[in-house]
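The values are calculated or read from the model by the stated rules, or taken from the named source; none is laboratory data. Since we're looking at a predicted model, the values are computed, not measured. No Cβ is skipped: glycine too gets one built from the backbone with ideal geometry, and neighbour counts run over all protein chains shown. The accessibility values were calculated without ligands, DNA or RNA, using every heavy atom of the protein model including side chains. Shrake-Rupley method; radii C 1.70, N 1.55, O 1.52, S 1.80 Å.
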Amino acid sequence: MLLGILLAKAELDAIVIADPADEPPDGMTTLIQGYNTLICSEEVRLRLLAQRLIRTAFDISLYEGVDDPCTPAAETAVMTAANMINARRLAWHGTGPDDQQALVAALRSADQFSQSTVEDLEQARHQFAPQTRSKAHPRRSVQARQSRNR
């Protein structure tokens, strides 16, 4: 729990120092350079990125509203990215058969999350603009379902 508190404190301090909403984002380059000086390898950097995304997906799920159609799409999109980063790490830095199995599992998981993201996006689009969805992309749902069933 203490590590989580320290991590939150560091992230809150970083937000105050390097606000990405600023034009241009003041302090962002320095913040990223400082962060990267502690990372000793690309594999560690990729592990950190994947863990950060998983933590983000968990945080997103904590604030889901009952009728919020965007949250599930955001959560599954982040998990797609986390699994793809893990797959890249394993493809480039994996050395044994266990890493190969983990690579296949990460790719499979990314694919499943990606398909869920498409479904969640269509549900959100339908809820916010049902007439736009049916007129603009009438075949998209059918095509997405067909590709998932292959």
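Beta carbons within 10 angstrom, averaged per residue: use that to sort the peptides 78-89, 106-117, 27-38, highest first.
Details: 78-89: 21.5, 106-117: 17.2, 27-38: 11.9.
Packing proxy ranking, top to bottom: 78-89, 106-117, 27-38.
Only protein atoms count toward the accessible area here, which uses a 1.4 Å probe; on the chain, the carbon and sulfur part of that area reaches 59 percent.
So if each residue of separation counts as 0.36 nm, and I subtract the Cα-Cα distance between R88 and Q100, what length gain in nm does that give? Walk me through the numbers before you get to the answer.
Numbers: separation 12, 0.36 × 12 = 4.32 nm, distance 1.14 nm.
This chain segment gains 3.2 nm when fully extended.
Take the alpha carbon gyration tensor of the chain, find the square roots of its eigenvalues, order them as a ≥ b ≥ c, and report rounded if a/c is under 1.5; if not, report prolate when a/b exceeds b/c, else oblate. Note, shape of the chain comes out oblate. The residues of the chain have, on average, 72 Å² of accessible surface per residue, using a 1.4 Å probe with all protein chains present.
Here the spin labels are modelled as points 7 Å beyond Cα on the Cα-Cβ line, and at D59 and T71 they lie 1.6 nm apart. To the nearest Å, what is the center-to-center distance of segment 49-94 and segment 26-48, using C-alpha atoms only? Taking the Cα centre of each part, segment 49-94 and segment 26-48 sit 20 Å apart. In the complete set of protein chains, residue-level accessible area for E119 is approximately 70 Å², probe 1.4 angstrom.
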